[in-house]
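We did not get these values from a lab; they are worked out from the coordinates using the rules stated. In this text, all values refer to a predicted model and were calculated from it rather than measured experimentally. We place every Cβ from the backbone using ideal geometry, glycine too, and count neighbours over all the protein chains shown.
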Amino acid sequence: MAMATNSIKLLTGNSHGGLAKLVADRLGIELAKIMVLQYSNNESSISIGESVRDEDVFILQSTEPGNINDHIMELLILINACRTASARRITAVLPNFPYARQDKKDKSRAPITAKLMANMLQTAGCNHVITMDLHASQIQGFFNVPVDNLYAEPSTLRWIRDNLPVRDCVIVSPDAGGAKRATSIADGLDLGFALIHKERARPNEVSRMVLVGDVRDRIAIIVDDMADTCGTLVKAAEVVMEHGASQAIAIVTHGILSGNACEKLNNSRLQKLVVTNTVPHEEKKRKCERIETIDISPTLAEACRRTHNGESVSFLFKHAPLD
Amino acid sequence: MRGACVFSGSSHPSLVEAICERLGTKPAKVQLKKFANGETSVEIKESVREKDIFVVQSGSGQINDNVMELLIMISACKGGSAKSITAVMPYFPYSRQSKRKTHRGAITARMLANLLNVAGVDHVITVDLHANQMQGFFKCPVDNLLAEALLAKWLRTNVPEWWEAVVVSKNPGGTKRVTSLADALKLSFGIVTTDRRRPHQQPSLNASMLNSTIFESMGTNGTNDTAEMGRELEEVEAIVEVSDEDPHAPIEQDFAPRNATPRTHADLTENRARRPSKHRAATAGLAPTLRTRVINGSSDTPSSPLARSTRLDSVGKEDAVMPDDSEGLGLQRRYTAPGIEQPPPDDDGYEASDGDDEGDERARDVITGRLIHGHIVDDDEVHSPNMSVQSGSNENGEGSGQRDSRSSEDEPLPEPMAQSFMSTASTHSRMLQPQYGLGGTGDATASDEEEEEALKDPEIESTVTLVGNVRDKPVLIVDDMIDKAGSWIAAAETVVKRGGATKVYCMATHGLFGGDCLRELDMCDEIEAIVVTDAFPVPPEKRRQSKKLVVLDVSGLLSEAIRRNHHGESISQLYTHFD
């Protein structure tokens, strides 16, 4: 009987209020009232303004470039506050998993920070994680709690079908690691596929590139999981245009767009950069008109709803909820 | 040191340099930077395999970055097969959030302890934790070093006639830190407490959550007024407390029937006369300055479960001869839920040797003042500014003076403070944050932040109480950290303007100096010097802001702790003998 009164509480930190509002609207609930304060030395202090006792708590927190560590601490404190306030279950909804790229010991004594993040989330008291397009699916194995890795792919496919002449397109992966993602989209649209092989010198810097496949007189859709400084995408656009593509368009899930990404895009041969709203980027949209947004809040909201009701989430791996 | 590496986080490199110089080594090579999106990147540039690793990280303005950096460094060393990893945290971040202050607040300090644990730390060295109990948050050993010896040494060399000085705590929660320094130097000590008056009493937040008996009794009275509600609550509590006419009977037995009976005037008066024998207690923790307090507790009942804290104050008589009802209500406010503010039994026995010869006098060294906008103001209606210091029969003068200065008769009166220090503390925390009653904490340290806010609020007038004699003596106001200036300035003005102290030294281990704190302290004429250690980095531009600022070096203490830990020697000498 107690189950009947148990309901969804959606909380959010300071990172991405817009997305949280969309998810809350979609779920037909109000965002829970919380107060986030900073001590004068920038320590975060949180108080939750309504009872979460025995409720199913979802905490949505994205990470904005520049304040990532603040947002992580905020998230951990929120989780911990709900845990000590006797929430029944706490689900961290992380549309953009922070530190996902530090997922392996690629050099001597390099930290596996993604694993550290996983441990920290669990230590704070998290029972479940919902995230989207993890940089490497293996990160799910860093957790001892269930992780639902959603895909932006269904939303992406719908956007391509709605906005581009599908028959004239070709899907391009900007690196070997993204080949699987690209082939999956290419299969979904029944299109051809090309790959750019690159030799990476240092993080965030790109060197020589080789194109494998045919892009001539087609619209090259470059797909990747994240656009950070946009160096890779800009270089890839160069390559496909040199190989005779009619147009270069990039579609990525996480538009982090840090540093001078906007200027780079404005000066590039990339006609359009389509990102989802996992990371707040309204500011950057004003600086760069080539950025377009796919709203993935329906997918997140549906995942929350299904998790809460104990329904299968895997349906969302292939289908995007209708707006 | 063979087989050991000292790594420096980015928060306080100069301290690490100093530590390494004393250890005769260099900080190990590490590259700390940020990725373009702001994620922290750590590259350990030398081998850590089978070595003892010490990672030194304090706090700074970018405290969350510092925390993440420390966690990632520890994790990287763990992944690099280090033998042991010690986190050296001169300032422990989030140490002020060591308990649940409000409903659903996070215990962030405990969480941080757990995070350090999962990152892979084997040992923690820190300096002057905000609360000693935080050592229990960790699964690994914690060495909580004390900067007290450093402060004491500075004191002995730089304060003229330091042996005359009085150590003062600016809030009741910090008393323990103060007594420790006072004991080490054989100085006397005092306490300043601030107590917010409520001009228009708000309905207390916990009213809705208290148990149903209270609503029952309110229903019989038929009152719905919110201001009335608060008073009702307090009356009920008072009655609950005083109702145990048989001291041997447990309080709970009397609870329900008492509440159900209509309260009459006579009932209250009668109870008030009785009450002190049971609950007016709690002076046990106070040191010699409060010895003037008197015991006439012949009705004390050793068999009572509260026997250890039932020693009497001198108040019974006065309460009994003041039948004025509103006054009575004011007094009753002071009594909070039983059990919350019990004095620590370990310090019991201070007053055992005191005689009865002083009769019904109150504590002499209690001075009150009015605090508006965080500054002491003259209370025009008070007959003599130093009334309660010298004369032994000033209670009435002080009491009436305070009463005249107030417009409303049912305002809480400061007299109970003069009678019981612990009751002051309980009132204090309760008035600031009514939720404490539910949070289960009776520790006044929680109120630091709220207290600062109250000091800034022009609507709120506070009563500040100084316990202890500071006349013509230098005063050392001591706490563990200086973050905001308000309470320090209020305390400094109180001891000088009301207590007649000669000079004021503000001393703390961690100089956080948030906002304009340092400038405000510098501008306060009463303060002679501000003494902190460099456990928390004080940037050069801040040091230039103040001529009164003295920053003591803790690198010796930390390096010695690191050295002893590495060689497996005892560090207990560092607690007392460190120079």
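Say a paramagnetic label sat at a point 7 Å from the Cα of residue B:522, along Cα to Cβ; which residues of region B:536-579 have their backbone N under 12 Å from it?
B:540-550
If I model a spin label at residue B:21 and residue A:282 as a point 7 Å from the Cα along the Cα→Cβ vector, what separation in nanometres do I get?
5.1 nm
Given points 7 Å out from each Cα along the Cα-Cβ axis, report the residue A:51 to residue A:318 separation in nanometres with one decimal.
Placing both labels 7 Å along Cα→Cβ, they lie 4.3 nm apart.
What Kirkwood radius, in Å to one decimal, follows from the Cα pairs of region B:19-156? Numbers along the way, then the final one.
Values: mean 1/r = 0.0616 Å⁻¹.
This gives a value of 16.2 Å.
When Lys and Arg each count +1 and Asp and Glu each count -1, what net charge do the other residues less than 9 Å away from residue A:85, Cβ to Cβ, add up to? Before the final figure, lay out each step's value.
Details: positive: A:53, A:83, B:100, B:104; negative: none.
Around residue A:85, the charge tally is +4.
What is region A:8-150 by shape, rounded, prolate or oblate, if you read a ≥ b ≥ c off the alpha carbon gyration tensor as root eigenvalues and call it rounded for a/c under 1.5, prolate for a/b larger than b/c, and oblate otherwise?
It comes out prolate by the Cα gyration axes.
Among A:253, A:222, A:274, pick out the residue whose Cα is farthest towards the positive end of the charge dipole of region A:197-323, where Lys and Arg carry +1 and Asp and Glu carry -1 on C-beta, about the Cα centre.
With unit charges placed on the Cβ atoms, the residue in question is A:222.
Taking Cα atoms, how many degrees apart are the long axis of helix A:231-242 and the longest axis of chain A, rounded to 10 and kept between 0 and 90?
The two axes meet at around 30 degrees.
Quick one: Karplus J couplings for region B:54-63, per residue in order, coefficients 6.51, -1.76, 1.60, θ = phi - 60°, nearest Hz, x for Gly and Pro?
10, 10, 9, 8, 9, x, 6, x, 9, 5
Using Cα atoms only, what is the angle between the long axis of helix A:153-163 and the major principal axis of chain A, expressed in degrees (0 to 90) to the nearest 10?
On a 0 to 90 degree scale, this one is about 50.
By DSSP, what percent of the beta bridges with both residues in chain A are antiparallel, rounded to the nearest 5? Numbers along the way, then the final one.
On the way: 11 of 54 bridges.
Taking every DSSP beta bridge with both residues in chain A, the antiparallel ones total about 20 percent.
So how far apart, in nm, are the two label points at residue A:138 and residue B:573 if each is 7 Å from Cα heading toward Cβ?
Label at residue A:138, label at residue B:573, 5.0 nm between them.
For region B:4-145, give the magnitude of the charge dipole about the Cα centre (Cβ charges: +1 Lys/Arg, -1 Asp/Glu; no others), in debye to the nearest 20. Walk me through the intermediate numbers first.
Numbers: 17 positive and 12 negative charges, 97 e Å.
Roughly 460 debye for region B:4-145.
Output the pairs from B:34/B:547; A:33/A:318; B:139/B:176; A:105/A:235 with a Cα-Cα distance over 29 Å in this structure; if there are none, say none.
B:34/B:547; A:33/A:318
In what order do B:507, A:35 fall by count of nearby beta-carbon atoms within 10 Å, going from fewest to most? It would help to have the intermediate numbers written out before the result.
Details: B:507 26, A:35 10.
Ascending number of Cβ neighbours within 10 Å: A:35, B:507.
Pop the C-beta distance of residue A:238 and residue B:33 into the FRET formula with R0 = 30 Å and round what comes out to the nearest 0.05.
The formula returns an efficiency of 0.60 here.
Against the longest alpha carbon principal axis of chain A, how many degrees, from 0 to 90 and to the nearest 10, is the axis of helix A:113-124 turned?
20 degrees
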